[in-house]
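The values are calculated or read from the model by the stated rules, or taken from the named source; none is laboratory data. As the structure is a prediction and not an experimental result, all values here were calculated from the model. Please note: Cβ atoms are built from the backbone with ideal geometry, for glycine as well, and neighbour counts cover all protein chains shown. Just so you know, the surface numbers come from the protein's heavy atoms only, side chains and all, with ligands and any DNA or RNA stripped out. Shrake-Rupley method; radii C 1.70, N 1.55, O 1.52, S 1.80 Å.
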Amino acid sequence: MGDYAFATPPIISLMSMSTKPFPVRRIYCVGQNYREHAVEMGGNPEADPPFFFMKPASAILQNGETMPYPPGTRDLQHEVELVVAMAMGGKNIPPEHVNDMIFGYAVGLDMTKRDVQHAAKKKGRPWEMAKAFDHSAPCSSITPEMYSGVVAKGAIQCKVNGTLRQSADVGDMIWGVPQIVHYLSQLVEVCAGDLIFTGTPAGVGPVVKGDKIEATIAGLETLSIKIG
Ligand code: MN
């Protein structure tokens, strides 16, 4: 018998080239961080500072795996996003210190039950069941910042069955990574191991069982998953 009433949950981790696996602590996500996507979601991109929601670390789906089509939706959608992996944390982090605290970058998919999200928005209810369900955070391995450099621009794309659905540049983000981490660290203490999904560009859309999603960001490992 161990020290707890039952076996403790496993550490969720992501591979990172030539270093030890990155242990995932929490997953923060930014909403509406590209102008055209904010408009397609009915938001006003100029009005507000960044806003955040979360997924549990257990929502990670490893690169190459099949994501089971989740229950309770008829409108599962893809959102390709730059993922920032934190090597250090803190409160009230100045924007100019953020890049020195980053472990690396990955390509993520903020998989979303859009019908559930729309219903929640309409009733002013929380988003978790639309955003934070099992396998809702497919993520590539992490490219350490020492190899990628600071990722502040570069093509970001999402293809479904080979057809281009989303195509933009990371430099189009309304709030850049330093600003995002700065804002977040004023609300919560950011910790080593935290992942931050930085928002998706326009072109989000539905996927169905059997679809193959390929998500890319220039200089990072391509994320390929299937919907099963
Ligand atoms: Mn998103």
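Miscellaneous remarks
- Pair list, Cβ under 6 Å, 6 or more apart: region 161-176 residue at positive phi, other residue outside any loop (DSSP other than H, G, I, E, B) and at pLDDT 95 or above: Asn161/Lys212
- Comparison of Ile196, Ile180, Ile156, Ile227 shows that the only residue that is in contact (Cβ under 8 Å) with a residue 24 or more places away in the chain, touching a Gly at 6+ places or on another chain (Cβ under 9 Å), more than 21 Å from Pro68 (Cα to Cα) and among the aliphatic types (A, V, I, L, M) is Ile180.
- Number of residues in region 14-63 that are outside any loop (DSSP other than H, G, I, E, B), open to solvent by 50 Å² or more (accessible area, probe 1.4 Å) and hydroxyl-bearing (Ser, Thr, Tyr): the value is 1.
- Considering region 186-210, the residues that are under 26 Å from Glu40 (Cβ atoms) and among the small types (Gly, Ala, Ser) include one that is nearest to the ligand (Cβ to nearest atom), namely Gly199.
- Ala152 open to solvent by 30 Å² or more (accessible area, probe 1.4 Å), more than 19 Å from Val208 (Cα to Cα) and hydrophobic (A, V, I, L, M, F, W, C): yes
- Top-ranked residue of region 39-61 - restricted to ones that are charged (D, E, K, R) and in contact (Cβ under 8 Å) with a residue 12 or more places away in the chain, ranked as nearest to His182 (Cα to Cα): Lys55
- Some residue of region 156-170 being closer than 21 Å to Ile12 by Cα, of a type in the set (Ser, Thr, Tyr) and open to solvent by 10 Å² or more (accessible area, probe 1.4 Å): no
- Residue list for region 1-13, filter: within 19 Å of the chain's Cα centre (by Cα) and either open to solvent by 70 Å² or more (accessible area, probe 1.4 Å) or not small (Gly, Ala, Ser) (or both): Ile11, Ile12
- Enumeration of residues in region 65-119 that are of a type outside the set (S, T, N, Q) and within 12 Å of the ligand (Cβ to nearest atom): His78, Glu79, Val80, Glu81, Leu82, Val83, Gly108, Leu109, Asp110, Met111, Arg114
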